[in-house]
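The values are calculated or read from the model by the stated rules, or taken from the named source; none is laboratory data. In this text the structure is predicted, and so the values were computed from the model without any measurement. Cβ placement follows ideal geometry from the backbone for every residue including glycine, while neighbour counts extend to all protein chains displayed.
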Amino acid sequence: MQEIRRRSFLQLALAALPLPLLAQTKNTSPLTKPFRVSAGLDREEKKRSIGLSSTTYKVLTQDTGGALFVLEQSNQKKGGPPRHLHHDVDELFYSLEGEYIVEVGSERFRLKPGDCALGPREIPHAWAFAGGSPGRLLISFAPAGKMEAFFNERENHGIKPGAYTTDASFMRAFGMELIGPPLVVE
């Protein structure tokens, strides 16, 4: 009886996986060879700035065949991006250092180191660095969608370092909707 319950649970868990990820689980060859990205370094060894954060890419979209994109944001100044939503990407926020506020729908979470919050697709969300000391936030996008391309195209679109975009058409081109202003942090 327990084996039947376990098998049902596993079948349900597999059914919940996104199709691209599920297809990968059937393929026994990895999309890329294993790699390591050291603390403070970028996967492509580039210096990046997104909004108020210095940013390092940890897992590129191509590393996982589009299943995942991971970046780390280091913050010194309070604040964050405007409220937005992703149409087909889930976003996970994991505080490595410092304090962050994450709003997802009508829920507000205060993240301390080791805490995380999920921003499911189609639900408006925003985050902001709220700490008095430096912070680091790991952000994962699954599937990766067009998120890496969105961050890479910011400069080509005239978005200056130190600023977040409020260009609704630019965001829409990458599968997002601008919903409102950033969170106010005092």
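The requirement of being touching a Ser or Thr at 6+ places or on another chain (Cβ under 7 Å), in contact (Cβ under 8 Å) with a residue 60 or more places away in the chain and of a type in the set (D, E, K, R) is satisfied by R136. Any idea which residue in segment 64-92 is nearest to the chain's Cα centre (by Cα), counting only those that are of a type in the set (D, E) and surrounded by fewer than 21 Cβ atoms within 10 Å (Cβ to Cβ)? Looking at the filtered set, the residue picked out is D90.
Listed residues S140, S54, S133, S95; which is surrounded by 16 or more Cβ atoms within 10 Å (Cβ to Cβ), within 22 Å of E186 (Cβ to Cβ) and among the polar types (S, T, N, Q)? Before the answer, list the steps.
Values: S140 fails: within 22 Å of E186 (Cβ to Cβ); S54 fails: within 22 Å of E186 (Cβ to Cβ); S133 fails: surrounded by 16 or more Cβ atoms within 10 Å (Cβ to Cβ).
Exactly one of S140, S54, S133, S95 is surrounded by 16 or more Cβ atoms within 10 Å (Cβ to Cβ), within 22 Å of E186 (Cβ to Cβ) and among the polar types (S, T, N, Q), namely S95.
Residues of segment 169-178 that are under 15 Å from H125 (Cα atoms) and surrounded by 15 or more Cβ atoms within 10 Å (Cβ to Cβ): M171, G175, M176, L178. If only residues of segment 146-168 that are modelled with pLDDT of 95 or more and over 18 Å from H125 (Cα atoms) are counted, the one that is surrounded by the fewest Cβ atoms within 10 Å (Cβ to Cβ) is A149. Selection of segment 158-173 for residues being under 20 Å from L85 (Cβ atoms) and not charged (D, E, K, R) yields I159, Y164, T165, T166, A168, S169, F170, M171, A173.
Inspection of segment 99-117 finds no residue satisfying the criterion of being in contact with a Cys (Cβ under 6 Å, 6 or more places away or on another chain) and modelled with pLDDT of 95 or more.
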